[in-house]
Structures are given as structure tokens and as C-alpha cells.
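Peer 1: Would you mind keeping the following structure in view while I ask a few things?
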Amino acid sequence: MSDDTEINGYKGISPVDEDPLFFWRLNDDFRVPDAAILITGNDPSAKEIRYDDLQGHAYYDTEGNFIRDQKRDYEGFDAVFSALKSAIRKGTLKATLVYGAQLSSALPYADGDDRVQVLSSTDLWKHLDQTKEQAITPFDDLVVHKEPDWENTTIAEDDLKRWLRSKRFSSSFFFSEADAPSGQEYLEPTHERFSPELAAAVAAWQALIPERKFKTSPKAAIESWLISNPDVWQGAEPMSSTARERIATLVNWNRIGGAPKSGG
């Protein structure tokens with residue numbers, strides 16, 4: 001394809017050619033099964049023909065076309081889907097819950113069925129009458145499922161990414177290479193738990209690795225290095241002598257004290 005070829009508004013190579021999930025990145029929230037499929041690295045748009053599990057016959061719609069369902073037989077899908085539902089139930093993952101509901105006359109249920117709850121027709125009719133809706137009659141109760149409708153329940157992208165990070169999981173779809181944990185997030189000033197003293201301690205320890213001998217004690221050498229390298233400090237206020245003392249004490253690998261006799 002030449003660079004000046006234009007297809008669907010894109011010149012040259014379509015972004016979908018390089019990233020099959022390109023258009024899914026436009027979403028701000030995701031249905032739970034779509035999120036599970038994306039976490040496994042697959043495309044929620046993929047379909048497969050529905051078959052009768054017993055007879056093995058394909059299902060057709062009223063127009064004679066194959067009925068196609070979302071493809072879900074991906075490695076890891078069941079585990080991820082289950083984990084998402086569990087986290088939502090426990091409240092550790094925020095979601096916009098949707099519940100199925102039907103008129104009682106259209107759904108047989110047994111008294112005491114703990115999977116559903118019945119909303120009184122009297123209360124419903126009063127509400128609907130106030131809103132000028134005539135969706136039900138005053139003779140029907142509404143049966144609401146207690147289990148969320150996972151097919152239509154959605155999760156905001158930010159909440160999903162926050163939950164994935166809490167699980168120390170980096171999905172190829174939800175995180176770019178820049179987002180993926182590097183193992184040194186604690187050294188980034190933008191991190192919510194950034195500690196200037198910890199970052200300075202790590203920098204001092206790494207800087208002094210090549211040094212094999214010290215004229216003074218290691219602790220004194222650490223304090224001297226911190227004084228000579230003020231740029232390493234990223235605190236809101238200048239480094240205090242107390243902070244420098246704490247850092248040197250933390251980094252100090254020589255717990256005996258005093259100037260080393262040989263080799264630091």
C-alpha cells in the first residue's frame with residue numbers, strides 16, 4: 001500500500017493494521033465480559049457461530065442466518081471474568097451495576113427464591129403514574145434479579161486500571177509500555193507514595209558502589225556525598241541535617257562504626 005493511499009480516512013497503513021484493538025481504546029468504560037477478553041489480550045469483537053451443545057447443530061435466526069455470539073473460549077477468560085465479578089461483589093472494584101427485571105407474569109419463580117426480589121405493583125404503579133409512564137399495569141409485580149446482569153454492567157477504565165495495578169498485573173491492552181510497572185516507581189516524584197529520603201538513600205547507595213576504600217567511615221562518606229550532590233534531593237524543602245543523618249544511617253552498611261581498617 002502506498003503512503004498516499006487513503007482508506008476510511010487514514011492515509012498509508014490503517015492503525016488497525018498495527019493494532020487490532022485500536023478502536024477499543026476510544027472507550028471510557030467497558031462491559032465486564034469485554035474487559036475480561038481485553039485483559040487476556042483478545043478482541044471482544046470476534047464472533048463465533050452458536051451451536052447446540054447436545055446435537056451440535058448451528059442456530060439460525062428467523063431470516064435463516066447463523067446466530068453468532070461473542071467468542072470467549074480464550075485461555076484465561078474464565079479466570080479473569082470470575083475475578084472481575086468477585087471484585088465487584090466485594091466492592092474492591094467499582095462498577096456501574098445493571099440488574100435484569102421482568103414482569104412477574106412473564107417469569108415463573110418460586111416463593112422464597114433468593115435469586116430475585118419482587119417489587120410491589122402498588123408502589124411501582126404510584127411511581128409510574130407520577131412519571132406518566134404506562135409500562136406496567138397495577139396488576140403485575142416486577143421481579144428483579146439479585147445477581148447483576150454482567151453482560152451490561154460496566155467498569156470505568158480508570159477504576160479497572162487501578163484494580164489491575166493492585167493485583168500487580170499489567171495488561172498489554174490497558175497499559176502501554178510507559179504505564180507498565182518498572183519496579184522503581186518509588187523513585188518517581190509523581191508517585192503518590194514518593195519519599196524524598198528513600199529516593200536519596202537509593203541514589204547514594206548506588207553512587208558509592210564503585211568506591212572500595214574510604215578515608216572516613218561509610219556513614220560519613222554517605223553524608224559527604226549527599227552534601228556534594230544536592231540535586232539528588234527532591235523534597236519540597238531543602239534537606240535538613242536531621243534528614244541527612246537518617247539517610248546516612250539507613251544506607252550505612254558498616255554497622256560496627258568508626259573508620260574502616262581496610263576496604264570500607
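Peer 1: Show me 227-233, 81-87 ranked by packing, highest mean number of other Cβ atoms within 10 Å first.
Peer 2: Put in order of decreasing packing, that is 81-87, 227-233.
Peer 1: To the nearest 0.05, what FRET efficiency results for ARG89 and PHE66 with a Förster distance of 41 Å applied to their C-beta separation? It would help to have the intermediate numbers written out before the result.
Peer 2: Values: r = 35 Å, r/R0 = 0.85.
The formula returns an efficiency of 0.75 here.
Peer 1: Kindly sort ARG50, ARG193 by accessible area of their heavy atoms, largest first, with the probe set to 1.4 Å.
Peer 2: Per-residue accessible area, sorted high to low, gives ARG193, ARG50.
Peer 1: Full-extension gain between LYS161 and LYS47, please, as 0.36 nm times their residue separation minus the C-alpha to C-alpha distance.
Peer 2: Numbers: separation 114, 0.36 × 114 = 41.04 nm, distance 2.59 nm.
Using 0.36 nm per residue and subtracting the Cα-Cα distance, I get 38.5 nm.
Peer 1: For region 147-242, place one equal point scatterer on every Cα, skip the solvent, and apply the Debye formula. What is log10 of I(q)/I(0) at q = 0.13 Å⁻¹?
Peer 2: -0.65
Peer 1: So what J values fall out for region 209-218 if you push phi through Karplus, 6.51 cos²θ - 1.76 cosθ + 1.60 with θ = phi - 60°, rounded to Hz, Gly and Pro as x?
Peer 2: For region 209-218, the Karplus curve yields 4, x, 6, 9, 10, 10, 6, 10, 6, x Hz.
The values are calculated or read from the model by the stated rules, or taken from the named source; none is laboratory data. Being a predicted model, the structure only gives us computed values, none of them experimental. Using ideal geometry, Cβ is built from the backbone for each residue, glycine included, and neighbour counts are taken over all protein chains shown. To get the accessible areas, we keep the full protein, side chains included, count just its heavy atoms, and leave off ligands, DNA and RNA. Shrake-Rupley method; radii C 1.70, N 1.55, O 1.52, S 1.80 Å.
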